[in-house]
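The values are calculated or read from the model by the stated rules, or taken from the named source; none is laboratory data. Owing to the predicted nature of the structure, the values given are computational and were not obtained by experimental measurement. Using ideal geometry, Cβ is built from the backbone for each residue, glycine included, and neighbour counts are taken over all protein chains shown. These accessible areas exclude ligands, DNA and RNA; they are computed on the full protein's heavy atoms, side chains included. Shrake-Rupley method; radii C 1.70, N 1.55, O 1.52, S 1.80 Å.
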Amino acid sequence: MTDHAMLSLEQIGLRIGGARILEGVSLDVPAGQMLGVIGPNGAGKTTLFNVVSGVVRPTSGRVLLDGADVTRESIHRRAAAGLGRTFQTSSLFPALSVLENVRLAAQAHAGGATSLVRIPRAGDAASERALECLAEVGLEHRAGAEASGLAHGEKRKVEIAMLIAADPKVILLDEPMAGVASGDVPALTEVIRGLHRGGRTVLMVEHHMEVVLGLVDRVAVMHHGELLAVDTPEAVMANPTVQSAYLGEAM
Amino acid sequence: MSEPASEPILVVDALSGRIAGQQVIEDIAFEVPATGVTALLGRNGVGKTSTIKSILGLIERTGDVRLAGERIDALPTHRIVQRGVGYVPEDREVFGQLTVAENLRLAERDAAPRRELVERLFPDLVARRAQRAGTLSGGQQQMVSLARALVNENRLLLVDEPTKGLAPRIVDEVAVALAEAAQTVPILLVEQNLRVVRRLAERVVVLSGGRVVFTGTAVEFLDDEELIHRHLGVHDASEAA
Amino acid sequence: MTRNKTLWLAVGGVLLVVLLAVLPLLAIEIPGVLPGPTYTPGTLQLIAYAMLIAALALSYRMMFGLAGLLSFGHALFFAAGAYGLGMTLDAFGPAEWPSELIFLGSIVVTLAAGFVLAATVGALALRVTGISFAMVTLAFAQAGSVLIRRNPGGATGGDEGLALDIEHVPGALVGVLNTRNLYWVALGVLVFVYLVVLWVEQSRAGHVAAATRENELRVRVLGLRPYNVKLLIFIVASVLAAVAGMGYLLLQSGAAPRVATADFTLTLLVIVVLGGVGYRWGAIVGGIVYTLLDQRLTALAGSEFIAGLPAVLRVPLSEPLFILGTLFILVVLFLPGGIAGIPQRIRSGRASHPAESEEVADA
Amino acid sequence: MSTIVLLLITGLGLGALYFLVASGLSLIYGLMGVLNFAHGSFLTISAFLGWEVGRRVSDGTWWGLAISAIVGIAVGAIVAALTEYLLIRRLYERHIEQALVTVGLSLATVALFEGIWGTDPIYTARPEWLTQTTEILGAKIPNDRFLLIACAVIVLGGIVLFLKRTRYGLIIRAGVENRQMVTALGIDVRRSFTLVFAIGGAAAGLGGVLASVYYGYVSAHLGSVLLIFAFIVTVIGGLGSLTGAAVASVLVAVLQQFANYYLGGTGDLVVVVALAAVLLIRPRGLMGKIA
């Protein structure tokens, strides 16, 4: 692994109306690193992900993906350039089958996804790839099911399978454990670990501290739209400012 | 703290809620005593807000919900509120195009609304009566949102993350207002700032995986690192401190 | 869907097409539904018209039901096909060319023009979404409708409509005696449109379109541009509408300005919803049921039975559109899956179709 | 100069008609998210009934016209409120179906009007003053334009006062922003739905009677024609914005008049192009809320 920044944020600021949503957020994430983003609700974590993925344009600052300035690029161009993300609420295509969901991601990666001429078939390259990805998250047996019929934890896994299929360089996971039954957390943690193992750069917003601490290399703490600290998990947890920000105040 | 002295004001049983056909909470059961603050805790995405919205009928729900003994689970939202339920939503939801005064006037249900109380608690809002609520800061908007609930005589307040994204000084002001309100009306409070919880709440109800996993006094819960760790997952932080 | 079931459906479909194809050779009478035996020109004309409307509805459903594009301007492309072919036949070709060449050439020119029109309108309209998209398409269709009524250079015939110039039309497609051939043309158009729609829905682009309908943002974070796919679907649906429009011109020996109006698009919407948005064959059922009802109700309106009723009943009952409109309201209120959704409704006891959860949200 | 004055004032008069239809459309969409295709029918039925009553009482006089206007307003309000109560309310929050029901209603009612009053326009008698002209800056302005403009200004003022000064107006303004939060304050927002339909219907009803003055006839298609332009006006002005509807009504109608005069009768086309242009440059319209 080289240590050049796969994702760089330079002085990101965002104002909506009079409200200051993000302020002076600067952050370098080296290639292959896994970074946890924590902070109380309303601190701007999801907004930061929206800025990185292009859903929201920042009012100031730059976003660099693998050295290239993508601040003005559209969502799909950033995605095509190797940026993948999930959403806080699971967002599969409910009326499509599990396989079709993942196959879309595989096709998007391989190109020709919007071809009018080609009809997807069982056994073609994209379908095979989709099945492989489903197997990686242990869901190949659900390939034929309609996505809306899955349990919540399964949906999360399908989203990860879609990420694997799209093979992005940088991945943003927005609260992957939200709403997942506690029994399913360890399995899902393993799936996320697998996602990172390929040398991918991963950013993860998560409230499950044991998940964050068990997975990430560094933790970024956000509060009131600003970055309070970026450090190793141990150092961040020992930081009194972080304490008071996150829990109100140390008890 | 004290055990509920009389009949609980709110009894929730077998409550399930759905958003766009998707089950978000399942089989929730708990009680809110007729006095004091009951905190509803749990990790993000666990269904706290959905529980509040289900009680109010803002999302599709089934189950048995009783307000002072009367079934309210089949009533439309406005009828539930008219029975004396004040609501402070997550993210304030003030009417940004309306002035502060109009926001408050809209909320007045009682023949004799408690304007003095509101003016005493939030003097800042008096000065900004004619200002459009959308131009207020987050903290001021939260004041408007709280004031909309406090201006009426309620039998129960449902308050959803009132300190979310607020600066510490504003958090204090909100806590003061809630403490004053709690003198006269029971409150069901969703709050992630455990310091605020400790300051206000007597009892806690903890959700996990869409179900209630703990019910007890606030002290019992907040002093038990193991419980906090298990249910909120923020234990490591306070232990390291 | 299992392979077996797909096979049975295909066999059933082929049998249905064969049955429809031999209909002009049979003498089937369905009193009250068809005006006469199936070999008579009047009946064939009616069924052919119904099939063309079904084809048009099918193309509309592909946009609305598959891609979630609520257009109020689909009539524009039907009219473009009908008027385009009529005007090209009028204007095109020195007389020394063989008629067949002129006829085919006109069709090609009309298709090309339809394609260009669709690409232009689509490229502009798809820059906005939701209600705004509906309104931009409505605006373009309205412009087309105004142009046609305005009769620039006497090309469209204005309010009178455009009469088909039969000089270069093959003899086999002209005249009441040849209604049977026109019927087969209409059947051909319907089968063609159906197969294209089926292909598009099964294609990769079709899947992306369905995904876009459900969650556009999610498609974009996969690195795909929904705009391209929606434009593709818009163009294909519009060109198919033009194909149906050409069939209409030949069948009716002319084009009426009515087919360019917003009302006509609304009628299409009614047909698709009546049939069932969630189902391909819903559009076909809707198109045929609507056309037959419209025609038979008109006939009924002129009947002695109606004439003998008191005014309170006579006036509404003699207006087919009143009855259809009312029927439509009832379907929307009480039968959300449309006609094609009835079997599903009976099976599962609840109703839903893909477009149901979508709101008309402003962009 | 006189031509320009004539075109301007005539445009204002036509804009007044558009506004009377568009104000209701815009309020209904803003509050309820319903695109009401039946709004033209509210106008048509009011025009017909207003005319039927007016001519029986006193044909071609101010008194008769006043009766027509009152009847038109009442009919519009009642029919619209009934539509909301009987059809729209059943499909609460299902916006596509709600729009579809109004499509069905508009098809059915236009057919019904044709059945009752025939397909041809019925020419109406007007008070004599309205058929005359007044000279302003050298331009001979038909007097009916002044009546239209005055009525639209009164309606605009009335609605604005209602929205600003009354509790229901407050509820409607709040509901346009966030319906759910209004119910969460203990207010039955559905009652204001019916009210908004009634207000919109009343404005359209008055518009129907005035349209019969402007065009000099009533017909089953009176509403359908105006509805298309009212839609355009509503979208250009910004869905849900009353001021937007007022401004856009004037802009569209004046533009239409000028194009008709100077660009060889291309008013309709120019308006359509303007709509497309506005939507492509500013999709939420001139004054629409951010979706």
Applying a 10 Å radius around every beta-carbon, put C:63-74, A:108-119 in order of their mean neighbour count, most first. C:63-74, A:108-119
Quick one: buried accessible area between A and B, total over both chains, 1.4 angstrom probe, nearest 100 Å²? 2100 Å²
Just name one of D:ALA276, A:VAL51, A:ALA220: the one whose Cα is farthest towards the positive end of the charge dipole of the protein assembly as shown (beta-carbon charges, Lys/Arg +1, Asp/Glu -1). D:ALA276
Compute the projected area of the convex hull of the Cα atoms of chain C, averaged over all viewing directions, and report it in nm² to one decimal place. 20.6 nm²
Give the residue from C:LEU309, C:PHE328, C:MET87 lying farthest towards the positive end of the charge dipole for segment C:37-362; charges sit on Cβ (+1 for Lys and Arg, -1 for Asp and Glu) and the dipole is referred to the Cα centre. C:PHE328
For segment A:203-222, which residues drop by 10 square angstrom or more in accessible area between the chain on its own and all protein chains together (1.4 Å probe)? A:HIS207, A:HIS208, A:MET209, A:GLU210, A:LEU213
Scaled by the rule-of-thumb 2.2 N^0.38 Å, the alpha carbon Rg for segment A:1-127 gives a ratio of 1.25
Can you figure out the FRET efficiency of D:THR61 with C:GLU96, using R₀ = 51 Å and their beta-carbon distance, to the nearest 0.05? 0.15
With label points built 7 Å along Cα→Cβ from the Cα atoms of A:ARG121 and C:LYS5, find their separation and express it in nm. 2.2 nm
Just checking the output field for D:271-284: average partner chain Cβ neighbours within 10 Å of each residue's Cβ? 6
Enter the buried accessible area of the C/A pair, total of both sides, probe 1.4 Å, in Å² rounded to the nearest 100. 2700 Å²
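Per residue and in cubic angstrom, what volume does the convex hull of the Cα atoms of segment B:10-239 have? Mind dumping the intermediate values first?
Details: hull volume 27.3 nm³, N = 230.
Once divided by residue count, the hull of segment B:10-239 is 119 Å³.
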Between the chain alone and the structure with every protein chain in place, find the residues of segment C:178-213 that drop at least 10 Å² of accessible area; heavy atoms, 1.4 Å probe. C:TRP199, C:VAL200, C:GLN202, C:SER203, C:ARG204, C:ALA205, C:HIS207, C:VAL208, C:ALA210, C:ALA211
Across peptide D:31-38, how many C-beta atoms of other chains are within 10 Å of each residue C-beta, on average? 2
Based on the Cβ-Cβ distance of C:ALA123 and A:ILE16, what FRET efficiency does E = 1/(1 + (r/R0)^6) give at R0 = 30 Å, to the nearest 0.05? 0.45
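Highest mean first, how do C:29-38, B:17-26, B:97-106 rank when packing is the count of other Cβ atoms within 10 Å averaged over residues?
B:97-106, B:17-26, C:29-38
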Where does the charge balance sit around A:VAL221 when Lys and Arg score +1, Asp and Glu -1, over other residues with C-beta under 11 Å from its C-beta? 0
Evaluate peptide A:73-80: per residue, the Cβ atoms of other protein chains within 10 Å of its Cβ; return the mean as an integer. 5
Quick one: which residues, 5+ away or cross-chain, put their amide H under 5 Å from the amide H of B:THR217? H built at 1.01 Å from N. B:VAL204
Sequence-distant lysines (8 or more away, or on other chains) whose Cα lies within less than 21 Å of B:LYS164: A:LYS45, B:LYS48, B:LYS53
Take the eigenvalues of the Cα gyration tensor for segment D:101-235, scale each by 5, and report the square roots as semi-axes in whole Å, largest first. 34, 23, 11
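Do me a favour and compute the ellipsoid semi-axes for chain A from its Cα gyration tensor, root of five times each eigenvalue, largest one first, whole Å.
Each semi-axis is √(5λ); the values are 31, 21, 16 Å.
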Which of B:GLY84, B:LEU104, B:ALA127 sits closest to the plus end of the dipole of segment B:5-155, meaning its Cα is farthest towards the positive end, when Lys and Arg get +1 and Asp and Glu get -1 on the C-beta? B:ALA127
Within chain C, helix-based [θ] at 222 nm, where runs of 4 or more DSSP H residues each add -39,500 (n - 2.57), nearest 500: -22000 deg cm²/dmol
Cα-based Rg of segment B:46-95 normalised by 2.2 N^0.38 Å, two decimals: 1.13
Between A:ARG72 and D:LYS164, what is the FRET efficiency for a Förster distance of 45 Å, r being their Cβ-Cβ separation, to the nearest 0.05? 0.60
Pop out the ³J(HN,Hα) list for segment D:93-99 in order, Karplus 6.51 cos²θ - 1.76 cosθ + 1.60 with θ = phi - 60°, rounded to Hz; leave Gly and Pro as x. 6, 9, 5, 5, 4, 4, 4
How are the C-alpha pair distances of segment C:150-199 spread across 10 Å bins, as whole percents from the shortest bin up? 22, 28, 33, 17, 0
In segment B:73-104, which residues give up 30 Å² or more of accessible area once the other protein chains are added, compared with their chain alone (1.4 Å probe)? B:HIS78, B:VAL81, B:TYR87, B:GLU93, B:PHE95, B:LEU98, B:GLU102
Where the accessible area of the protein assembly as shown is counted over protein heavy atoms with a 1.4 Å probe, how much of it, in %, is carbon and sulfur? 59 percent
Using amide H atoms built in the peptide plane, which far-off residues or other-chain residues are under 5 Å from D:THR134 H to H? D:ILE141, D:ASN143
Write down the percent of antiparallel bridges among all DSSP beta bridges whose residues are both part of segment B:10-239, to the nearest 5. 60 percent
Take C:LEU26 and A:SER182, extend 7 Å from each Cα along the Cα→Cβ direction, and tell me the distance between the two endpoints in nm. 6.8 nm
I need the Debye-formula profile for the protein assembly as shown: one equal scatterer per C-alpha, no solvent, reported as log10 I(q)/I(0) at q = 0.04, 0.09 1/Å, two decimals. -0.25, -1.20
Can you work out the Karplus-derived ³J(HN,Hα) for every residue in segment C:46-51? Use 6.51 cos²θ - 1.76 cosθ + 1.60 with θ = phi - 60°, whole Hz, and x for glycine or proline. 5, 5, 4, 4, 4, 5
With label points set 7 Å from each Cα along the Cα-to-Cβ direction at B:GLN82 and B:ALA20, the distance between them in nm comes to 3.2 nm
Taking only protein heavy atoms into account and a 1.4 Å probe, give the accessible area per residue of segment D:2-281 in Å². 34 Å²
For B:GLU60, what residues show an amide H to amide H distance below 5 Å, using hydrogens built from the backbone and excluding near sequence neighbours? B:ARG18
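Taking only protein heavy atoms and a 1.4 Å probe, what accessible area per residue, in Å², does segment C:1-124 have with all protein chains in place?
45 Å²
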Through the Karplus equation 6.51 cos²θ - 1.76 cosθ + 1.60, θ set to phi - 60°, convert the phi angles of segment B:139-154 into ³J(HN,Hα) values in whole Hz; use x for Gly and Pro. x, 5, 4, 5, 4, 4, 5, 5, 4, 4, 7, 7, 5, 9, 7, 10
Give me the summed buried accessible area for the B-D pair, 1.4 Å probe, to the nearest 100 Å². 1800 Å²
Report, ordered by chain and residue number, the aspartates and glutamates lying within cross-link reach of C:LYS230, taken as a straight Cα distance under 15 Å and ignoring same-chain residues fewer than 8 apart. C:GLU201, C:GLU214, C:GLU216
Solvent-accessible heavy-atom area per residue, rounded to whole Å², over chain B at 1.4 Å: 39 Å²
